[in-house]
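The numbers here are math on the coordinates, done by the rules we state, and not lab data. This is a predicted model, so every value here is computed, not measured. FYI the Cβ positions are ideal-geometry reconstructions off the backbone, even for glycines, and counts take in every protein chain you see.
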Amino acid sequence: MADNTPAACDGMSDENSAVTCPDCGTPMPNGEPCPKCSTDAAGGFAWGRSRTVFLSLCGMFLIPMFTATGVIVRLFHDKQAKIAVDWENAGNANLQSGHAQTAIEDFRNALLYSSNKSRLQLELAEALAAQGHLEESEDYLSSLRADDPENSLIDLQLARISARGGDVESAVGFYHDAAFGQWPSDPHASRVACRKELINFLLQNGRQDQARAEALSMAADNPADPDIRSAAAAFLFRAGDAQDALNEYQHVLQIEPDDLGALVGGGQSALARGDFAEADRYFARAMQHGSNDAGVQADRELAGQAAELDPFDMRVSDKERRGRAIEILTAADDRAKACVPAVLASPDAAPDNLKPLATARAALPAKLSLPLLDARPEYANQALDWAFSVEKIAPAQCAETVADRAIEALAEKNK
């Protein structure tokens, strides 16, 4: 008889055996989810929803707060910037009107509110220099220059301080650095203005040769600009270089033939170098183009008279040259009679300081003539020397005619 007991036991084992969760190993009833994992999942989902809500609420409150803070900070900075600008404008106005001490206080106040410290420190340095605080101004400028060595405005202020302190070499160096450095606006006009200031400074300090070189360089760098070339010509004339001044005025007239300033300047330059006929032509053109200046009229009369009397003009004949010598001696005799009659008296009666002139006049005939000069041509040079000397010693306010001024100009030309 077969035993069926094991079979019955096996069936009961399959029915009651527990199934474990593959994730956490917790026994699970048949067909049911894991009780532990199900609980954790539900809790995690709940927390995820709560965190999203929390962060959303935080954003709703924090974003407006950050925005409001940014607006407040911006308004604060704007207010400070406006205060700084107001103080800066006041400082510039006071500096321009000559109230440098008040300008110093204004710029110091502006520095308390402004974020642009460099510009204000430069303006403060300018005000300090204007008030005579040169060392403090130089300290500011040196500090600024260390941070910005190519800034032309800084170099220009340093040049002016050196000039006021009498340090010519340092001033020239800073002027050069300024002229060829970096300008914040309109660099060409600023550079030209700086070079003009340098040339004027050199002339004021007796540096004619340096001033001449700078003027020629400025003209060469701006060949098509009549205003700059006219300025260069005026500087050259002041430096004693009448020939180069005349050349520059001629260049200006090639660009602008009716330039009145160049016509007058050309006439003065030609007159200074003893080219009286050319000077007369320039002055005549200036008057034709509307010049009614009394000085131009007087210079034209002088140039015309000197051109007519010039015995050294290589274009005239020997006879004309001797005739001009006679005219010059006659005019000098008339001036001597009115102003220094002692030079016409006997040498023994003349004062010691006039004896040489009295002796020289006594050695000449009382009257000269062309036949006499043909026979004694040396009288012509003697007569000219005497006449030139008399015109030099005669007081300017004493009976001076246009002919006298012309003889003085001839004497200057041939000294």
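At 0.36 nm per residue, and after removing the present C-alpha to C-alpha distance, how many nm does the segment from GLN243 to GLU378 gain when stretched out fully? The partial results should precede the final answer.
Numbers: separation 135, 0.36 × 135 = 48.60 nm, distance 3.21 nm.
Gain on extension, GLN243 to GLU378, equals 45.4 nm.
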Practice task
Excluding residues fewer than 8 places away in the same chain, name every one of the lysines whose C-alpha is closer than 28 Å to that of LYS82.
Solution key: LYS117
Practice task
Note the per residue figure in Å³ for the convex hull of the C-alpha positions in region 87-187.
Solution key: 96
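How much length is gained if the chain between ALA284 and THR20 is pulled fully straight, taking 0.36 nm per residue apart and subtracting their Cα-Cα distance, in nm to one decimal? Intermediate values should be presented prior to the final figure.
Values: separation 264, 0.36 × 264 = 95.04 nm, distance 12.65 nm.
Length difference between fully extended and current span is 82.4 nm.
What number do you get for region 344-415 when its Cα radius of gyration is normalised by 2.2 N^0.38 Å, N = residues?
Values: Rg = 13.2 Å, N = 72, 2.2 N^0.38 = 11.2 Å.
That ratio works out to 1.18.
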Handout entry: Förster radius 60 Å - calculated FRET efficiency between ALA224 and ASP86, Cβ distance, rounded to 0.05
Key = 0.85
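Using mean Cβ contacts within 10 Å as the protection proxy, how do 359-371, 380-392, 270-282 order, highest first?
On the way: 359-371: 14.0, 380-392: 19.8, 270-282: 21.3.
Highest to lowest by the protection proxy: 270-282, 380-392, 359-371.
Of the peptides 161-169, 225-233, how do they stack up when ordered by the mean number of other Cβ atoms within 10 Å, highest first?
On the way: 161-169: 15.1, 225-233: 22.0.
By packing density, highest mean first, the sequence is 225-233, 161-169.
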Fill in the blank from the handout: For LYS415, counting only aspartates and glutamates whose alpha-carbon sits under 14 Å away and dropping same-chain residues fewer than eight positions off, the answer is ASP310, ASP385, GLU391
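What list do you get for THR102, THR401 if you sort them by fewest beta carbons within 10 Å? Let's see the in-between values first.
Values: THR102 17, THR401 12.
Ascending Cβ contact count within 10 Å gives the list THR401, THR102.
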Practice task
Give me the net charge of GLN397's neighbourhood, meaning all other residues with Cβ under 15 Å from the Cβ of GLN397; Lys, Arg count +1, Asp, Glu -1.
Solution key: -1
Fill in the blank from the handout: Sorted by chain and then number, the residues having a modelled amide H within less than 5 Å of the amide H of CYS21, at least 5 places away or on another chain, are THR26, MET28
Problem - Pairwise FRET efficiency - ILE393 versus ASN205, Cβ, R0 = 25 Å, nearest 0.05 - result: 0.20
Handout entry: Inter-centroid distance (Cα atoms) of region 155-208 relative to region 292-337, Å
Key = 44
Practice task
Quickly work out the PHE180-to-SER143 label distance, labels modelled 7 Å from Cα along the C-beta direction, and quote it in nm with one decimal.
Solution key: 3.1
Practice task
Arrange the peptides 248-257, 342-351 so that the one whose residues have, on average, the most other Cβ atoms within 10 Å appears first.
Solution key: 248-257, 342-351
Practice task
Take the Cβ-Cβ distance between ARG164 and LEU370 as r, set R0 to 60 Å, and report the resulting FRET efficiency rounded to the nearest 0.05.
Solution key: 0.45
Fill in the blank from the handout: Karplus ³J(HN,Hα) for region 216-230 (6.51 cos²θ - 1.76 cosθ + 1.60, θ = phi - 60°; Hz, whole; x = Gly/Pro) runs 5, 5, 4, 5, 5, 7, 9, x, 9, 9, x, 5, 5, 5, 5
Problem - Top positive-direction residue, dipole computed over region 198-341 with Cβ charges, set ILE199, PRO341, ALA279 - result: PRO341
Handout entry: Kirkwood Rh in Å, taken over all unlike Cα pairs in region 101-260
Key = 17.0
Practice task
Please label the shape of region 149-206 as rounded, prolate or oblate, based on the square roots a ≥ b ≥ c of the eigenvalues of the alpha-carbon gyration tensor (a/c under 1.5 means rounded; beyond that, a/b larger than b/c means prolate, else oblate).
Solution key: oblate
